[in-house]
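Remarks on the structure that follows.
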Ligand SMILES: C[S@@+](CC[C@H](N)C(=O)[O-])C[C@H]1O[C@@H](n2cnc3c(N)ncnc32)[C@H](O)[C@@H]1O
């Protein structure tokens, strides 16, 4: 046999071997992806909960969101199917079966800052839509997020209904209020209640909420030196008042319609959905140049989103502020999702 033929046979053999290996790797990756627990997300917003679960190794199959602008951000950042409609119009037959159902259901109805109407408020009633999905899809795990005040709302009656409804469907529930500043190494003071429910009592017994984490990041770690002109306040009619009242450049202030509040904890105050509108809850700082509000990008960082998360400049800043204020602190979700994974032993 000539050396050339021998050589090409060896190359062929090598190619076949490599092909086999690639096929095996693809197959293994496919298997790994098939073995991943599947998640469906309700009230998805811009997908902070979905992102946290994805980072923890879950596979997101689909999500639902009614708001067109939130859906724009969602679709720019996630590849899975987004059903863009009112949850009331989404049939459970339309979605794929999942192992985990998540939902940070609208909190205004329960929030102290909202109308205190609870289940009588239409936005509170969407909780019953979640139950329809629980009944029809029977997920192994439920993950719900809400404002801390869900527990105290209406002398605890609202929370009692939430718990009773889920327990009557044979879920074993665990819940806890976590502050983002203590569980995510993110300097935002944000207390939220997280409810985790398991069908299997053994998995429930295995589950523990994550341990607290040391906060090493400071406000200044997440701020840009300066920002676009439109974020500055020198043309505001309140500028003189702000100049007088805002003196520290290592803290975040909050503009409350007519006065400014200094945050003494060295944390970013809770970012809210209305922070971009009407002079309410607007987070303000003094930077190198002057007094300005936080940019949407900086707010996203205070929710633990890294800068690869796309915030479209086709959307007005007011929409972006609302979306980020409505969202979750992603690393808190990731930490809880990892504990869920441990409990499920996958
Ligand atoms: C508190 S936010 C959840 C944000 C989300 N966890 C995130 O990370 O961005 C609640 C979301 O529910 C959506 N929503 C409210 N009512 C809805 C309904 N009936 N059907 C579908 N989505 C709804 C709102 O548009 C909002 O984006």
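Here are some notes:
- Checked against the criteria, residue 157 counts as surrounded by fewer than 15 Cβ atoms within 10 Å (Cβ to Cβ) and in contact with a helix residue (DSSP H, G or I) (Cβ under 8 Å, 6 or more places away or on another chain).
- Test result for residue 71, crowded, with 17+ Cβ neighbours inside 10 Å, at pLDDT 95 or above and in a strand (DSSP E or B): no
- Selected residue [touching a helix residue (DSSP H, G or I) at 6+ places or on another chain (Cβ under 8 Å), assigned by TED's automatic domain parsing to the domain that holds residue 197 and either over 19 Å from residue 321 (Cα atoms) or assigned to a strand (DSSP E or B) (or both)] from 105, 53: 53
- Test: residue in the range 137-154 that is under 20 Å from residue 47 (Cα atoms) and assigned to a loop (DSSP other than H, G, I, E, B): yes
- Residue 283 vs. criteria within 21 Å of residue 187 (Cα to Cα), more than 11 Å from the ligand (Cβ to nearest atom) and in contact with a strand residue (DSSP E or B) (Cβ under 8 Å, 6 or more places away or on another chain): yes
The values are calculated or read from the model by the stated rules, or taken from the named source; none is laboratory data. All values reported here derive from a predicted model rather than from experimental measurement. Every residue, glycine among them, receives a Cβ derived from its backbone with ideal geometry; neighbour counts consider all protein chains shown.
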